[in-house]
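S.K.: I'd like to ask some things about the structure below.
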Amino acid sequence: MAHTPVARRMPPAPTAPRIRLAWTLARGPRVLAMPGTGNPGHLTENVAAGALRLTSEELDGLSEAHAKAG
């Protein structure tokens, strides 16, 4: 999975949805992600995704995986 290197570098390991949200937010200053949830645990993860900083290598790898997934 493309998110594995990201998850390994940070304890506790971020979940795949949190990494995807961080990747989406990193796409640019005009990108706004608005995930909805009624689950307080998911809300906490969504907020934490805003603080997750991905390296350029991680962003490139995730972008490549996204392009391949079509």
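S.K.: Taking region 34-53, which residues are surrounded by 11 or more Cβ atoms within 10 Å (Cβ to Cβ), among the aliphatic types (A, V, I, L, M) and over 11 Å from Arg18 (Cβ atoms)?
M.R.: Passing the criteria: only Leu43.
S.K.: Something else now. Using beta carbons and a limit of 6 Å, which pairs, at least six apart or on different chains, have the first residue in region 42-70 and small (Gly, Ala, Ser) and the second one crowded, with 16+ Cβ neighbours inside 10 Å?
M.R.: Going by the 6 Å Cβ cut-off, the qualifying pairs are Ala49/Arg18; Ala49/Leu21; Ala49/Ala22; Gly61/Ala2; Ala65/Ala2.
S.K.: Another question about this same structure. Which members of region 23-33 meet the condition of being open to solvent by less than 40 Å² (accessible area, probe 1.4 Å) and either at positive phi or of a type in the set (Val, Ile, Thr) (or both)?
M.R.: Thr24, Gly28
S.K.: Note down all Cβ pairs under 6 Å where the first residue falls in region 18-29 and is over 12 Å from Ala48 (Cβ atoms), the second is part of a helix (DSSP H, G or I), and they're at least six residues apart or on different chains.
M.R.: Pairs that qualify, where the first residue is over 12 Å from Ala48 (Cβ atoms) and the partner is part of a helix (DSSP H, G or I), are Trp23/Leu62; Ala26/Leu59.
S.K.: Right, next: Looking at the chain, what helices (runs of 4 or more DSSP H) fall wholly within it and have at least 3 residues that are modelled with pLDDT of 85 or more and in contact with a helix residue (DSSP H, G or I) (Cβ under 6 Å, 6 or more places away or on another chain)?
M.R.: Because the criterion is at least 3 residues that are modelled with pLDDT of 85 or more and in contact with a helix residue (DSSP H, G or I) (Cβ under 6 Å, 6 or more places away or on another chain), the helices (runs of 4 or more DSSP H) in the chain that meet it are 16-25.
The values are calculated or read from the model by the stated rules, or taken from the named source; none is laboratory data. All values derive from a computational prediction rather than experimental measurement. FYI the Cβ positions are ideal-geometry reconstructions off the backbone, even for glycines, and counts take in every protein chain you see. Calculation scope for accessible area: heavy atoms of the full protein, side chains included, ligands and nucleic acids excluded. Shrake-Rupley method; radii C 1.70, N 1.55, O 1.52, S 1.80 Å.
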